[in-house]
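Have a look at the structure below before the remarks.
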Amino acid sequence: ECVSKETNGWLFFAAQHPNAAGQFVHYASSRLRREAKDDTKELVKQFQATINALMNAPRKDALEMGRVLESSCQELAQKEEEVRRQDDEIREKDALLAKYKGMLGIEK
């Protein structure tokens, strides 16, 4: 605040710590608020949106990876079941083939 008063300049400051539990802190000089009130509000909104996206990004990534993992596990289980069914089918066909070979007197 002292800097903005001493220089009569426009000053905007915003900060957020990644591990903070509360809202971010921000400061807008009285001159900036007076001369660009709506734009100052928009700066705060943009910063808040950016921080929210940054704070949620690791969680979103973890959730998405969890979804992909769950989907992959389900797909793996389906493929394993398909392989079991195909193995059973092959065993049945091998048994049938052995039966016919036996009936025809064909050696294995």
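The values are calculated or read from the model by the stated rules, or taken from the named source; none is laboratory data. Note that the coordinates shown come from a computational prediction; the quantities given were computed from them, not determined experimentally. Here Cβ is always computed from backbone atoms with ideal geometry, including for glycine, and neighbour counts include all displayed protein chains.
Tabulated data
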item: Residue in segment 26-43 that is over 26 Å from SER4 (Cα atoms) and surrounded by fewer than 10 Cβ atoms within 10 Å (Cβ to Cβ) present; result: no
item: Subset of segment 34-53 (residues that are without any contact (Cβ under 8 Å) to a residue 12 or more places away in the chain and either within 27 Å of PRO18 (Cα to Cα) or not in a helix (DSSP H, G or I) (or both)); result: ASP39, LYS41, GLU42, LYS45, GLN46, ALA49, THR50, ASN52, ALA53
item: Residue match in segment 58-75 (condition: at pLDDT 90 or above, of a type in the set (D, E, K, R) and surrounded by 10 or more Cβ atoms within 10 Å (Cβ to Cβ)); result: yes
item: Hits in segment 44-57 - residues which are of a type outside the set (A, V, I, L, M, F, W, C) and surrounded by 11 or more Cβ atoms within 10 Å (Cβ to Cβ); result: GLN46, GLN48, THR50, ASN52, ASN56
item: Segment 1-21, subset surrounded by fewer than 11 Cβ atoms within 10 Å (Cβ to Cβ) and out of contact with any helix residue (DSSP H, G or I) (no Cβ under 9 Å at 6 or more places or on another chain), residue modelled with the highest pLDDT; result: HIS17
item: Pick from segment 54-93, criterion more than 30 Å from ASN19 (Cα to Cα) and hydrophobic (A, V, I, L, M, F, W, C), ranking: nearest to the chain's Cα centre (by Cα); result: CYS73
